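Trainee: Sharing a structure with you now.
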Amino acid sequence: MKCDKDRVCIFDTTLRDGEQAPGFSMNLEEKIRFAKQLETLGVDVIEAGFPVASDGDFMAVQRIAREVRHCQIAGLARTEPADIDRAWEALRDAANPRIHVFLSTSDIHLRYMLKKTRQQVLSEACDAVTYCRSMTDNVEFSAQDATRTDWEYLCDVIEGVIDRGATTVNIPDTVGYTVPDEYAELLQYLFENVKNIHETTVSVHCHDDLGLAVANSINALNYGARQVECTVNGIGERAGNASLEEIVMALRTRQDRIKLHTNIRAENIYRTSHMLTNITGIAVQPNKAIVGKNAFAHEAGIHQHGIIKEKATYEIMTPESVGFPESNLVLGKHSGRHALRDRLEKMGYQLRNLEIDRVFARFKELADIKKEIFDEDIEELIYEDIFREPDTFELLYLNVVSGDIAIPTATLRMRVGENVLEEAAFGVGPVDATFAAIRKLTGIEYHLIRYEVSAITGGTDAQGVVNVQLRYGERNVSGRGSDTDILVASAKAFLNTLNKIESVKRYAERYVA
């Protein structure tokens with residue numbers, strides 16, 4: 001069960017330590033779904049739960065053990081025989097089961113929590129490993145609060161459990177107390193003073209109470225550890241655990257300094273992180289490394305200019321390498337002309353330099369008011385400053401009949417150019433009927449991308465605002481309309497979008513053709 005010399009085994013404890021954190025609990029089916037995603041991600045070990053803790057935990061470990069066949073499945077247990085029996089009962093159907101048994105070793109835990117002597121704890125740890133080995137040859141022992149344990153005594157415990165058959169020994173920083181150089185010294189001390197330590201895999205499990213979990217874990221790898229216990233998004237007790245995605249990408253990005261690798265399929269990292277936030281309802285902070293929404297976002301003009309020219313100027317990894325959708329040039333008050341021009345081109349607009357100058361001046365004015373500028377804001381600026389033409393379409397009259405026993409029918413009168421036309425159409429609902437009548441009257445069949453309704457004010461007489469987005473060639477063009485009648489607002493929004501498209505067409509005829 002030893003990890004390869006140059007490979008780091010990833011032990012994921014999202015479903016055990018991570019799920020223990022307040023607000024992160026999952027039901028049975030959510031745990032199964034996430035465990036299968038961890039299998040797709042390529043983790044080596046999934047710690048599926050603490051079987052003795054509850055019937056729900058037991059069932060989750062048992063189901064995961066039966067359904068996930070390409071990872072080792074671990075169940076946590078205290079050193080008590082009843083815990084170990086329960087863990088094995090849940091794990092026994094796994095293709096690769098592991099019993100993970102733990103016991104505190106620090107004097108503060110022995111004195112105040114266990115009320116036992118060092119010798120009693122040493123004997124209990126060794127006996128527990130022996131009992132686990134009677135069930136499986138894959139046994140991990142964790143010396144809880146190892147970083148606050150007397151080093152000589154920790155050596156005795158680690159040597160004793162290895163003698164009894166522990167195939168993995170974990171040196172956890174249970175309360176996030178250690179710092180990188182101290183943790184490295186501890187690992188070095190163990191490798192020099194535990195005579196049988198090379199017969200096992202040394203694991204590390206770091207908490208983030210001082211914000212050092214990832215740094216401590218990576219430093220431990222440099223000093224001989226070959227398994228890292230971590231969680232997706234860094235969730236876990238108190239401040240959380242070492243973040244799986246940060247450890248994996250640090251190893252991958254800095255191969256020049258850390259010549260170790262994992263079997264993680266990194267292109268699945270973002271998808272896994274996103275699944276966890278969907279299941280728990282708790283999103284990562286925007287500036288979270290690797291998976292936060294700002295991880296590949298750039299607002300400063302100098303950064304944006306560099307990214308446009310060559311992504312490596314300000315990105316040490318590509319968003320594609322972790323499955324992130326793409327880099328994002330966030331438009332705000334710090335952005336420059338290069339970023340605006342790049343966004344305009346991606347939106348499908350080819351403007352002349354003087355026109356870009358006009359839009360950029362208006363953009364800066366708006367950016368002082370709004371924190372972030374979206375494509376719809378830019379589109380509005382272009383339409384008002386560059387493309388503005390007399391409206392081709394104007395709503396004059398709308399009547400809609402709908403109800404639970406009526407076929408939704410819309411009748412409308414519009415001005416189209418110099419002509420006034422009337423039309424009626426059916427739909428699956430009142431809005432669909434309204435849009436169908438507009439399409440029928442204008443003969444325009446642009447694909448509807450988005451339809452959104454919001455209220456400007458409260459109350460039943462609120463002014464409603466409708467946003468509509470239509471696909472025109474390679475562009476998505478947005479329009480809006482407002483009215484106390486939401487159907488009238490919908491018709492106005494649709495026609496506002498069509499008028500914008502007509503203005504873009506006329507501009508192209510004048511300057512592009």
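Trainee: To the nearest 20 Debye, how big is the dipole of segment 175-222 about its Cα centre, given +1 on the beta carbon of each Lys and Arg and -1 on that of each Asp and Glu?
Mentor: Charge dipole, segment 175-222, about its Cα centre: 140 debye, nearest 20.
Trainee: With θ taken as phi - 60° and the coefficients 6.51, -1.76 and 1.60, list the Karplus ³J(HN,Hα) couplings across segment 417-427 in order, rounded to whole Hz; mark glycine and proline as x.
Mentor: x, 9, 9, 10, 10, 10, 7, 9, 7, 9, x
Trainee: So, one more: Roughly what angle does helix 118-133 make with the longest principal axis of the chain, taking Cα atoms, 0 to 90 degrees, to the nearest 10?
Mentor: 70
Trainee: Amide H to amide H under 5 Å from GLY292: which residues, 5+ apart in sequence or cross-chain, H placed 1.01 Å off N in plane?
Mentor: none
Trainee: Step through the table entries LYS36/LYS288; LYS440/LYS492; LYS293/LYS346; LYS346/LYS500; LYS195/LYS259; LYS5/LYS259, compare each Cα-Cα distance with 22 Å, and write down the pairs that go over it.
Mentor: LYS36/LYS288; LYS195/LYS259
Trainee: Relative to the longest principal axis of the chain, what angle (0 to 90°, nearest 10) does the C-alpha long axis of helix 213-222 take?
Mentor: Computed tilt is about 50 degrees.
Trainee: Projected onto the charge dipole of segment 393-511 (+1 at Lys/Arg Cβ, -1 at Asp/Glu Cβ, origin at the Cα centre), which of VAL420, ILE501, PRO430 gives the Cα projection farthest towards the positive end?
Mentor: Most positive-ward Cα: ILE501.
Trainee: Any idea what the dipole of the chain comes to, in debye rounded to 20, about its Cα centre with Lys/Arg Cβ at +1 and Asp/Glu Cβ at -1?
Mentor: For this selection, approximately 980 debye.
Trainee: Could you work out how far helix 244-253 tilts from the main Cα principal axis of the chain, as a 0 to 90 degree angle to the nearest 10?
Mentor: Between the helix axis and the principal axis of the chain, the angle is about 90 degrees.
Trainee: Report which label in [x] 23.6; [y] 26.8; [z] 30.8 holds the value of mean projected area of the Cα convex hull in nm² derived from the coordinates of this structure.
Mentor: Looking at mean projected area of the Cα convex hull in nm² for this model, the match is [z].
Trainee: Would you work out the charge dipole size for segment 393-511 about its Cα centre, treating the Cβ of every Lys and Arg as +1 and the Cβ of every Asp and Glu as -1, and quote it to the nearest 20 debye?
Mentor: 480
Trainee: Once you place label points 7 Å from the Cα toward the Cβ at GLU152 and MET113, how far apart are they in nm?
Mentor: With each label point 7 Å from Cα toward Cβ, the separation is 2.4 nm.
Trainee: Taking +1 at the Cβ of each Lys and Arg and -1 at the Cβ of each Asp and Glu, which of GLY443, ALA48, VAL248 sits farthest along the dipole of the chain towards its positive end, judged by Cα position relative to the Cα centre?
Mentor: Value computed over the given set: GLY443.
Trainee: Relative contact order of segment 181-226: what whole-number percent is it, with Cα pairs under 8 angstrom and at least 6 residues apart?
Mentor: 52
Trainee: What 222 nm value per residue comes from the helices of the chain, counting each DSSP H run with n ≥ 4 as -39,500 (n - 2.57) and dividing by all residues, nearest 500 deg cm²/dmol?
Mentor: Mean residue ellipticity at 222 nm (helix-derived): -12000 deg cm²/dmol.
Trainee: Still on this structure, please answer the following. Find the relative contact order for segment 393-511 and round it to a whole percent, using C-alpha pairs within less than 8 Å whose residues are 6+ positions apart.
Mentor: With pairs under 8 Å counted, the relative contact order is 17 percent.
Trainee: Continuing with the same structure: Amide H of ASN170: which non-local residues (sequence gap of 5 or more, or other chain) have their own amide H closer than 5 Å, using H built in the peptide plane?
Mentor: Those lying under 5 Å, H to H, from ASN170 are PHE141, SER142, ALA143, SER203.
Trainee: For a quick check: with amide H placed at 1.01 Å from N, whose amide H comes under 5 Å from TYR472's, ignoring anything fewer than 5 positions away on the same chain?
Mentor: VAL477
Trainee: Which of TYR223, TRP88, VAL8 sits farthest toward the positive end of the charge dipole of the chain, with +1 on the Cβ of Lys and Arg and -1 on the Cβ of Asp and Glu?
Mentor: VAL8
Trainee: Taking θ as phi - 60°, what are the ³J(HN,Hα) couplings along segment 464-475 by the Karplus curve (6.51, -1.76, 1.60), each to the nearest whole Hz, with x for Gly and Pro?
Mentor: With the stated coefficients, segment 464-475 comes to x, 10, 10, 10, 10, 10, 10, 8, 10, x, 9, 10 Hz.
Trainee: In addition: What relative contact order, as a whole-number percentage, does the chain give when Cα pairs under 8 Å and 6 or more residues apart are counted?
Mentor: It rounds to 9 percent for the chain.
Trainee: Follow-up question, since we're still on this one. Pop out the ³J(HN,Hα) list for segment 145-154 in order, Karplus 6.51 cos²θ - 1.76 cosθ + 1.60 with θ = phi - 60°, rounded to Hz; leave Gly and Pro as x.
Mentor: With coefficients 6.51, -1.76 and 1.60, one gets 6, 4, 6, 10, 9, 4, 5, 5, 5, 4 Hz.
Trainee: While we're on this one: Please arrange CYS71, CYS126 by how many other C-beta atoms lie within 10 Å of their C-beta, fewest to most.
Mentor: Ordered from fewest to most neighbouring Cβ atoms within 10 Å, CYS71, CYS126 come out as CYS126, CYS71.
Trainee: Right, here's the next one. Quick one: if the Förster radius is 45 Å, what FRET efficiency do ARG257 and VAL453 give, using the C-beta to C-beta distance and rounding to 0.05?
Mentor: 0.25
Trainee: Sort 185-194, 58-67 by the packing proxy (mean of other Cβ within 10 Å over each peptide's residues), most packed first.
Mentor: 58-67, 185-194
Trainee: Also: Extension gain SER321-ARG271, at 0.36 nm per residue separation less the Cα-Cα distance, in nm?
Mentor: Working it through step by step, the gained length comes to 16.8 nm.
Only the coordinates and a few stated rules stand behind these numbers; no lab work does. Bear in mind that the values here come from a model prediction, so they are computed numbers and not experimental data. Backbone-built Cβ (ideal geometry, glycine too); neighbour counts: all protein chains shown.
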